C-alpha cells in the first residue's frame, strides 16, 4: 500500500481546503512546526479509511473545526499493488463515502465502506468510532503521537492479521478460537476446584472439609461407643463387686464371727482380771514384809540415836562448865572500865564548871567597856545636837531661801523689762518748769509731780492763765505697758513684803547669810552621825536615837572593872582544860563499850550452850521414851518379815501363771479385732450402698448412651467417612486430570507460539541489533515484546527506558509491516513525532533503520524537527492550503 | 399311650428367618437410596408376618442379627417391636447374633425389660417351650466374636421325651467359609443334639447345610456379593420325620453385580435390554464392572449413557470402568484437530497415557476430558 495524496476541508485545524500531495515510495517526511496540524493529517487519514461516514458519534463530531457546524471532508488517494484508489468521505451533514477504483469504478456509501474494509483488512468501526481493534494491522502501523512509547500487544484483529500472515509463513496453526475456548473451559473447571496456586476451593474444598468433618464425626462416634462399652464394663464390674460383697457378708453371718470375737474378748478380760488379783496379792505380802523389815530397821536406828543423844548431853554439860570459867574475867574487865568512866565523867563535869565561870567573868568585863564607850559617844552627840538645833532656829528666822531669792531676782528682771517697754511706747514729756511754773501747771488737774512725764493717754496740761495743752500719745500702746510696769512693780513689792525684806539688796545679803548657816548645820549633822556609829556589841543601830535607846536602861559605869584581856585568857585556859577532860571521858566510855560487848558476847555463848544442853536432854528423853513405848519386840518383827517373804513368793508364782494366761488372751487385741470386724462390716455396708447407687447411675448412663445407638452411629460415621473419602478422591483426581490437561495445553500453546513467532523474531532481531548490538527481543503469544536479552541477561520489556521502549516499538512495527507487505498485503507506516526520547546515537541508528526499511515499505514521518532528519534521503512534503 | 408318644404326634409350622440387620445405615449409598433400603428392611417384618400367616405358621424364628449392631439406638428396636406387635397372631422369637450380641444392660436388656406380648428375646442358653411339645434351644451370642460353639450345650439339653427340638443359632458352620471361623457351629449339631431342625443365621444367602440344618438368609438383600438373598424358609416339622422346608421370597430390592464386556456401544444397548427384561429397574441396585476397549469417542459416549441414563433408571448404579480401555482412533484425534495446540495436547496426553501408572491413568482421563470439553465448546 502506498499513500499518494490527502486533501481535507472543514477538518479540525483545516477549515479551509488543504492538500498534501506527492507521497513517494519509500521515506516521506512531512516537516511542520508545532500546531501546524501534523497530527490532524494522521487523524484525517484514519478518518478517511476507518471511520464510518454515517457515524454521528462524539468522535466524528470532534472532527469539525472548533465551534463550527460544518461537514468535515477528507479524500485519500492510495495504491495497492500499483493500482490507484481514492476514498472520499464527508461526515455529519450530507455525509457520503465514495470509493473510486483503478478502473474508475465507483462505490458509494456502505458499499464503499465494506469494499474498503476488505481491501485493507480492517473491520467495521463501532458506533463510538474506530479503535485499535477495528483498525487492524494498518492501525498498528499508523502510530499517533506518544502512542509508540509503550510496548503493548497489538490489538486482536491486528494480531489476527499477523497470525494469518505468520501461519502462511510457518505453516503451523494454533487451535485458534477453539483452543482458546477449550483452555478457558479447562481453566475455569480447574479453578472451580483449585486456585492458580493449587489451593483447594469449591467442590474440592468442600469435599476436603466433608472428609475432615467425617473423620471428626467418626472420632466422636467411636469415643461415644467406647464410653458406652466402658459404662457396660463398669456396670458389670460393679455388679460383680456387689455380688461378692453380699456373699462375703452372708458367709460371715453364717460363720458367727462376731459372736466368737465377743467371747474371745470376755475370756481375755477375765484372764486380765485374774492376773490383776494375783499381782495385788503379791504386792500385799511384799508390803507387809517390807513394813516389818522397816520397823526392825527403825528400832535399830532409834537405839543408835539415843546413844548419840546421851553423848551430846554430856558434851553440852561439859561445854557449860568450861564457859563458866571463861566468863568471870570478862565481867571484871567491864566493871573496871565502868569505874574509869565514872571518874572521867566527874572530872569533865568540874572542868566544865570552871570553864563557865571564866567565861562569865570575861563577858561581864567586856560589857562594861562597851557601855562606857557608848556613854562617852552619847555625851558628844548630845552636844552636837544642841549646836545643830541652834542653827536650825537661825534658819527658821530667815526666809530667804535660794528659791525665794531666785523669785525676787526674777520679779526684778520683769520690772526692768516692763519699764523698758513702757518707756519705748509712751510719749515723753519733759517739763522744765520754773519753780513758779510748778504751781501754775497742772497735769490732768493734778499738780506736776515730776519733770519728765511718760504720757500714755491724752493728757491735759493746764497752765493757769495760759490755757491748756492736751497731748495725745499714739493710741493703745502706752497705756498697757504702763499697766504691766505697774503690775511688775507691785509683784516685786508684794514678794518683798511677804519675805519681810525691805528691798532687794537686803534680801540678797540675807540670802547669803542663810546659805552660810545651812552649811554649818550640814557639818554639825555629819559630826553627829559620826559620833553615833552602829555598835553590834551594845547592841545598837547607827544614830543618836538608837544609841540613846540602847543605853537608856543602863547606868553609866563608873570605870572599867578588871582587865578584859586577862579575863579572856583565863576563860581560854578553862576552856582547854574542859576539852581535855571531855576527851578523857570519851576514851573511858569507848573502853567500857568494848568491855560491855565482850561481856554480852560471853553471855550469849553461855545461853547457847545452855540451850544445846536442854535440847540434848530433851532429845535424849524423847528417844528413850519412844524406844520404850514400842510394843512389839524385835523377835516378833523378824518372824513377821520372814512369814511375809514366803507368802509373797507363793503369790508371785500364782501371778506368773495368771500373767501367762492373760498374755495369751490380750483383751486389747480381742477388742481391737472385734472393733475391726465391726468396722469392716460397716465398710461393707457402705460399699454396698455406694455400689448400689453407682450401679443405678451406670444403668441410667447405659440406657441413655445405648438409646442413642452409639454402634449404629459409629458404623454410619465409618461409612460416611468412606463416602467422603471417595468423594474427595474423585474431586482430587478430577483436579489432577484438569491440572494435567491445562498444563499440557499451556505448554503446547507456548510451544506453538514459540514456533509461530519465530518469523517475527527473525525479522525484528536484525533491526534490534542495528540499534543495540548483540541484543535480541522476545515476544509473547499475543506478540507483545516480552524481554530484551543482551549479554546473557534478559530485561523485562516494560522495565526498559522510555527511549528504548519507543525505539523497540517502532522497530517491531516496522518488522510487522515488512512481514505483511512481504505477504502481499497492504501496509504503510506512519510515525507521528516518533523517536522523541532517543539520544543522538540511537536516533542516527534509527534513521538508518528507517532508511533501510523504506526500501521495501512506504514510511511517512510527521515531525516538527526538520534539522534532525536533515541528512535523510526522503521525499519532503509540505501542507498546501 | 405315654405322654412322650403323645408328643411324638406333634407337628409344628414355623417361619425361619435371620439377619434382618435392622438399623443398617447403607452409608456408602446416596441418602435417598439409603432411606428406601432402610425402610425395606423394616417392612420385611410385615412381609414375613404375611408369609407366616399364609403358610399357617404361628412362630417366626429369627436366627440372630436382628439388628445391625449391638446398639442401633432405641428408635430402631422400638420401631421393630411396633412392627412385630402389629402382627399379634404371630409369635416372634429373637436371637442375638454376632452383630447384636447380648450384653448386660445393652440393647437386648432394654428390649427384654418391656417386650411386646408376642415377642420373646432368647437371651439365655436354656430350652424354651414355644408351644406344647415344641422346644426351642437357643444359642444366643454374647460377643461379636467367639471361638466356642454356642450350640454345644444342645447335645445335653434336656427336653421332655418326644418333644420337637428346634435349635436356633447364629454362626459359621465349621469348614464353611473362613479357615478359623468365628462363632463356629458344628455342621452335625442337629444330628448330635437330636434336633428336628437347626435354624441358622449369619450367611445372608439361603443355604441348606443338611437335611435338618439350614441358613434362611436375609429377608431383604443388602449386598452384592451373595446369591439367594431376600428369602425365608417355611419349615414344617412332623415329629420323627425329616422337616419339610420351603423357601418363600420376601425381598423387595435386587442387588446385582454384573460384568460387562464392551467392544462397541451396541454391547451396552444389548445389556440394557436384558436388564429391562429381567428386572424392575427401579428396584435394582447395580454394581457394574465394565471391561473391554473402545474408541475415545465411544468411551465418552458410553460414559454419558451410563451416567446420564442407566444411573437414573436403576435405583443405584455403581460403576467400575477401570477395566475399560480407551483406544483413541485417528478419527478421535481428527475430531479434536488435525494440527495446532489441541492436537498437540491430545498427542502428548495419549503418549503419557501409555504409562502403566497413576500418571498414565490421569493422562488418559485428561485426554477423555479434552475430548468432552472440546465437544462442549464446539457445540
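Just so you know, all these numbers are worked out from the coordinates, no wet-lab data involved. On a predicted model such as this, the values are computed, not experimentally measured, just so you know. Every residue, glycine among them, receives a Cβ derived from its backbone with ideal geometry; neighbour counts consider all protein chains shown.
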Study note, to complete from the structure: antiparallel share of DSSP beta bridges within the protein assembly as shown, to nearest 5, in %, is 55
**Study point:** Kirkwood-based Rg to Rh ratio, the range A:631-684, C-alpha trace
**Key:** 1.51
Review point. Angle, helix A:840-853 long axis vs. longest principal axis of chain A, Cα atoms, 0 to 90°, nearest 10?
Key: 20
Point to revise | Percentage relative contact order, the range B:61-114, counting C-alpha pairs under 8 Å, at least six apart | key: 54
Revision key, fill the gap. With R₀ set to 41 angstrom, the calculated FRET efficiency between the beta-carbons of residue A:617 and residue A:353, to the nearest 0.05, is 0.10
Review point. What number, in percent, do you get for the relative contact order of chain B if the mean sequence gap of Cα pairs under 8 Å and at least 6 apart is divided by its residue count?
Key: 13
Practice item. Determine the gain in length on full extension of the stretch residue A:675-residue A:635; use 0.36 nm per residue of separation and subtract their C-alpha separation, reporting nm with one decimal. Key: 8.6 nm
Study note, to complete from the structure: Length gained, residue A:576-residue A:537, 0.36 nm per residue minus C-alpha separation, equals 11.5 nm
Exercise for review: Measure off 7 Å from each Cα along the Cα-to-Cβ vector at residue A:273 and residue A:219, then give the distance between these two points in nanometres to one decimal.
Suggested key: 7.5
Revision key, fill the gap. FRET efficiency (residue A:56, residue A:758; Cβ distance; R0 41 Å; to 0.05) is 0.35
Check your understanding: Label-point separation (nm) for residue A:794 and residue A:743, each offset 7 Å from Cα along Cα-to-Cβ?
Key -> 2.0
Review point. What distance in nm separates the simple spin-label points at residue A:823 and residue A:693, each placed 7 Å from Cα in the Cβ direction?
Key: 9.7
Study note, to complete from the structure: Whole-Å distance linking the alpha carbon centroid of the range A:553-632 with that of the range B:205-232 is 154
Review point. Which shape class applies to the range A:248-294: rounded if a/c is under 1.5, otherwise prolate when a/b exceeds b/c and oblate if not, where a ≥ b ≥ c are the square roots of the Cα gyration tensor eigenvalues?
Key: prolate
**Study point:** Fraction in percent of alpha-carbon pairs per bin - 5 Å, the range A:490-532
**Key:** 5, 21, 18, 13, 12, 10, 8, 8, 4, 1, 0
Exercise for review: Just the number, please: percent antiparallel of the DSSP beta bridges in chain B, rounded to the nearest 5.
Suggested key: 30
Revision key, fill the gap. quick shape note, the range A:842-881: Cα extents on principal axes in Å, largest first -> 33, 22, 13
**Study point:** Whether the range A:25-115 is rounded, prolate or oblate, judged on the alpha carbon gyration tensor where a/c under 1.5 counts as rounded
**Key:** oblate
Revision key, fill the gap. So the compactness index of chain B, its C-alpha Rg divided by 2.2 N^0.38 Å, takes the value 1.28
Study note, to complete from the structure: Shape call for the range A:1-154, from the Cα gyration tensor axes a ≥ b ≥ c (a/c under 1.5 means rounded, otherwise prolate when a/b beats b/c, else oblate), comes out rounded
Check your understanding: P(r) for the range A:501-621: what percent of alpha-carbon pairs falls in each 5 Å bin, starting at zero?
Key -> 2, 7, 6, 6, 7, 6, 6, 6, 6, 5, 5, 4, 4, 4, 4, 4, 3, 3, 2, 2, 2, 1, 1, 1, 1, 1, 0, 0
Review point. In nm², what is the average projected area of the convex hull enclosing the Cα atoms of the range A:168-280?
Key: 19.0
Revision key, fill the gap. Expressed in angstrom and rounded, the centroid-to-centroid distance over alpha carbons for the range A:306-339 and the range A:654-731 is 104
Review point. How long are the three semi-axes of the equivalent ellipsoid for the range A:564-606, computed from the Cα gyration tensor as the root of 5 times each eigenvalue, in whole Å, largest first?
Key: 42, 4, 4
Point to revise | For chain A, calculated [θ]222 nm from helices alone, where every DSSP H run of n ≥ 4 adds -39500 (n - 2.57) | key: -24500 deg cm²/dmol
Practice item. Please work out how much length the chain gains when fully extended from residue A:552 to residue A:382, using 0.36 nm per residue of separation minus the C-alpha to C-alpha distance, in nm with one decimal. Key: 59.8 nm
Review point. Ratio of the range B:1-152's C-alpha Rg to 2.2 N^0.38 Å, to two decimals?
Key: 1.11
Review point. Which of B:84, A:566, A:872 comes first, and how do the rest follow, when ranked by fewest Cβ neighbours within 10 Å?
Key: A:566, A:872, B:84
**Study point:** Cα-based Kirkwood hydrodynamic radius, chain A, one decimal, Å
**Key:** 53.2
Check your understanding: In degrees between 0 and 90, to the nearest 10, how far off the longest principal axis of chain A does helix A:477-499 point, with axes built from Cα atoms?
Key -> 40
Exercise for review: Let me have the relative contact order for the range B:232-291, percent, based on Cα pairs under 8 Å that are six or more residues apart.
Suggested key: 36
**Study point:** Degrees between helix A:802-822 axis and first principal axis of chain A (Cα, 0 to 90, nearest 10)
**Key:** 20
Point to revise | Separation of alpha-carbon centers, the range A:828-881 and the range A:352-425, rounded to whole Å | key: 163
Exercise for review: Using R₀ = 56 Å, calculate the FRET efficiency as 1/(1 + (r/R₀)^6) where r is the Cβ-Cβ separation of residue B:227 and residue A:243; round to 0.05.
Suggested key: 0.70
